[in-house]
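A.B. asks: Quick one: the structure is below, and I'll ask about it shortly.
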Amino acid sequence: MNITVFGIGYVGLVKAAILAEVGHDVLCIDIDTIKIKRLKQGKIPIFEPGLTPLIVKNYEAGRLQFSSYAEEGVHHGLIQVITVDTPSAADGSPDCTNVFSVAHMISRYMNNYKIILNKSTVPIGTTEDIRCLIKKTLEQRGIKLTYDVVFSPEFLKEGTAVTDCMNPERIIIGASNTSPLKFLYELYQPFNQHHNRILLMDIRSAELTKYTANCMLATKISFMNEVANLAELLGADIEKVRQGIGSDSRIGHSFIYPGCGYGGSCLPKDVRALIQIAKKLGYDPCLLKAVEDVNEIQKYKLLTFIKHHYKNDLKGKTFALWGLSFKPNTNDIREASSRVIIEALWKFGATIRAYDPEAISEIKRIYGFRNDLKLMANKELTLQHADSLIICTEWKDFRMPDFNLIRNILKEPVIFDGRNLYNPEHMKQLGFIYYAIGRGESIRKSLDTVLDSNKNN
């Protein structure tokens, strides 16, 4: 099939590459001409395991093309896929300007039947608004054409997006009639062979499903962080609690890992969006507001430990920081906990020596050159001249470090671990003061050690 994908961001690029990989003829359209040029050169703007060779392979095979000409894209594809971003407005509601802009371009240039397949996350009712916009534009052009507007969200996890896209757990199609279904079944047929993954539903339910999925995941994370904070006060170990509840099949192990807050391009934005959608309907979404509030507080959790350890005297301190991306296996730093910690420490007069396997260039793009930010080539170099170590992302490279090296290089053997990578008892045996999230008695002992040290000084 001939497919056009508007918007070569995270979802669009992954989806386009996978559709080309299974044999479709895909043309990607984006207004960023520099990005288009770089993609044609095999330079991929995001880090996602397995994505670069997939793009290069299919581009060279001629199944994946890139262009900045909207008219070319409209004429190319029977199915017009919209994957542009819907960023948060000032009040947290989603800004759908880009979605409507693409829909308008499609309606300006289309001259035969098209299926407009929206995959951008949008408020409930937006798909109907797209339909009305296209109808109005066609009337202004004085032509009558048939078309269908469908909502079919993606559920990709950054870091495993290629696998998720190739092997989806479900394929949701929100449609108002059956006319586009035969084409959509053909589009999704390579991903639907072994058993039926397609769930047909009305459009508004499909739109709400996307928001609900991300908000449920965010809720699980905030709930565990809330319990982790209780565990510290109660002298319990949240990691043992996590294993205890995760073994219950009704709960499962996914998204119940406590830490220093969730980030990225989806969960924070979609929680805010559903809160605003509810408010506009006159409904007070108490649980969703609590999910967001807990997460915002949790992003300062490590800072609380740091301030306590150093008795609020952070001026002139230097911190090694491991992990800048909001999660491993991506270079995405949008709403990452690392940025909250870094910016807070700067306000206290501290210097950061940071390392991340993939996100260094993104941090440079956001913060530029600063005397209080040193970006290092490996994790060991961050330790030099550092007072202590902060961990914000659970990259595999950080799971089994040389602890003797860390202890010998740091000015003080202190680790603030926002992802619970290490065993507290083992760290104590190695001579570290170890702060982690919800580790109960170990946190108490760390705090007591600091208090005793302060008393002696």
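The values are calculated or read from the model by the stated rules, or taken from the named source; none is laboratory data. Note that the coordinates shown come from a computational prediction; the quantities given were computed from them, not determined experimentally. All Cβ positions, even for glycine, are placed from backbone atoms using ideal geometry, and neighbour counts span all protein chains on display. Remember, those area values only see protein heavy atoms, side chains included, never the ligands or the DNA or RNA. Shrake-Rupley method; radii C 1.70, N 1.55, O 1.52, S 1.80 Å.
A.B. asks: Under a straight-distance cross-link criterion of Cα-Cα below 21 Å, which lysines are reachable from LYS240, leaving out those fewer than 8 residues away in the same chain?
C.D. replies: Cross-link targets: LYS220, LYS301, LYS428, LYS445.
A.B. asks: To the nearest 10 degrees, how steep is helix 337-347 against the longest Cα principal axis of the chain, on a 0 to 90 scale?
C.D. replies: 50 degrees
A.B. asks: Something else about it: For region 1-154, what proportion of DSSP beta bridges, expressed in % and rounded to the nearest 5, is antiparallel?
C.D. replies: Taking every DSSP beta bridge within region 1-154, about 5 percent pair in antiparallel fashion.
A.B. asks: Starting from the residue with the highest accessible area, list CYS165, CYS286 in decreasing order, probe 1.4 Å.
C.D. replies: Order by accessible area, largest first: CYS286, CYS165.
A.B. asks: What does the C-alpha gyration tensor say about the overall shape of region 274-399? Classify as rounded when a/c is under 1.5, otherwise prolate if a/b is larger than b/c, or oblate.
C.D. replies: Details: a/c = 2.28, a/b = 1.65, b/c = 1.39.
Since a/c reaches 1.5 and a/b is larger than b/c, the shape of region 274-399 is classed as prolate.
A.B. asks: Sticking with this structure for a sec: At 1.4 Å probe size, with the rest of the protein present, what percent of the exposed accessible area of region 82-142 is carbon and sulfur atoms?
C.D. replies: 49 percent
A.B. asks: Roughly how many Å is it from the Cα centre of region 33-61 to that of region 204-244, as a whole number?
C.D. replies: Their Cα centres are 36 Å away from one another.
A.B. asks: Could you size up the charge dipole of region 104-150 around its Cα centre, putting +1 on the beta carbon of Lys and Arg and -1 on that of Asp and Glu, and report it in debye to the nearest 20? Working shown, then result.
C.D. replies: Numbers: 8 positive and 4 negative charges, 35 e Å.
Once rounded to the nearest 20, the dipole reads 160 debye.
A.B. asks: Same structure again: State whether region 112-193 is rounded, prolate or oblate according to the following rule on the C-alpha gyration tensor (a ≥ b ≥ c being the square roots of its eigenvalues): a/c under 1.5 gives rounded; otherwise a/b larger than b/c gives prolate, and the remaining case gives oblate.
C.D. replies: On the way: a/c = 2.81, a/b = 1.83, b/c = 1.54.
Since a/c reaches 1.5 and a/b is larger than b/c, the shape of region 112-193 is classed as prolate.
A.B. asks: For LYS15, list the lysines whose Cα falls under 26 Å from its own Cα; do not include residues on the same chain fewer than 8 positions away.
C.D. replies: Hits, sequence-local ones excluded: LYS35, LYS37, LYS40, LYS43, LYS57, LYS114, LYS119, LYS157, LYS182, LYS210, LYS269, LYS327.
A.B. asks: Right, here's the next one. Hey, can you rank 79-88, 227-236 by average C-beta count inside 10 Å, highest first? The partial results should precede the final answer.
C.D. replies: On the way: 79-88: 22.3, 227-236: 17.5.
The peptides rank, most packed first, as 79-88, 227-236.
A.B. asks: Rounded to the nearest 20 debye, what is the charge dipole size of the chain about its Cα centre when +1 sits on each Lys and Arg Cβ and -1 on each Asp and Glu Cβ?
C.D. replies: For the chain, the charge dipole is close to 480 debye.
A.B. asks: Let me ask something else. Accessible area per residue, 1.4 Å probe, Å², for the chain: what's the number? Display every interim value, and only then the final one.
C.D. replies: Details: 20530 Å² over 457 residues.
On a per-residue basis, 45 Å².
A.B. asks: Is the shape of region 2-201 best called rounded, prolate or oblate, per the rule: a/c under 1.5 gives rounded, else a/b larger than b/c gives prolate, else oblate, with a ≥ b ≥ c the square roots of the Cα gyration tensor eigenvalues?
C.D. replies: Details: a/c = 1.38, a/b = 1.24, b/c = 1.12.
Verdict is rounded for region 2-201.
A.B. asks: Restricting to bridges with both residues inside the chain, how much of the DSSP beta-bridge set is antiparallel, in percent to the nearest 5? Intermediate results must be reported in sequence, preceding the final value.
C.D. replies: Details: 2 of 46 bridges.
Close to 5 percent.
A.B. asks: Another question, if that's okay. Run the helix sum for the chain: -39,500 (n - 2.57) per DSSP H stretch of 4+ residues, divided by residue count, reported at 222 nm to the nearest 500 deg cm²/dmol. List each step's numbers first, then the result.
C.D. replies: Working: 19 runs with 210 residues, N = 457.
Helices in the chain give a 222 nm mean residue ellipticity of -14000 deg cm²/dmol.
A.B. asks: Whenever you get a sec, line up ARG170, ARG131 from highest to lowest accessible area (probe 1.4 Å, protein heavy atoms). Before the final figure, lay out each step's value.
C.D. replies: Details: ARG170 75, ARG131 45 Å².
If we order ARG170, ARG131 from most to least accessible, we get ARG170, ARG131.
A.B. asks: Ok, one more. So what's the chain giving for Rg/Rh, alpha carbon basis, Kirkwood Rh from the mean inverse pair distance? Kindly include the intermediate steps, with their values, before the conclusion.
C.D. replies: On the way: Rg = 24.5 Å, Rh = 24.0 Å.
When Rh is taken as the Kirkwood radius, the ratio is 1.02.
A.B. asks: Now for a different question. With charges set only on the Cβ (+1 for Lys and Arg, -1 for Asp and Glu), what does the dipole of region 30-169 come to about its Cα centre, in debye to the nearest 20?
C.D. replies: The calculation lands at about 580 debye.
A.B. asks: Let me ask something else. Please list the non-local residues whose amide H lies under 5 Å from the amide H of VAL149, H modeled 1.01 Å from N, same-chain partners needing a gap of 5 or more.
C.D. replies: It is ILE116, by chain and number.
A.B. asks: At 10 °C and 1.306 mPa s, grab the translational diffusion coefficient of region 329-423 from Stokes-Einstein with a Kirkwood Rh over Cα pairs, rounded to a whole number in µm² per second.
C.D. replies: 114 µm²/s
A.B. asks: Dipole of the chain (Lys/Arg Cβ +1, Asp/Glu Cβ -1, origin at the Cα centre): which of ILE130, ILE198, TYR283 lies farthest to the positive side?
C.D. replies: ILE130
A.B. asks: Can you list the aspartates and glutamates whose alpha carbon is less than 14 Å from that of LYS135, not counting same-chain residues fewer than 8 positions off?
C.D. replies: ASP148
A.B. asks: So, one more: Along the charge dipole of the chain, pointing to its positive end and built from +1/-1 on Cβ of Lys, Arg, Asp and Glu, which listed residue (SER101, THR83, ASN329) has its Cα farthest out?
C.D. replies: SER101
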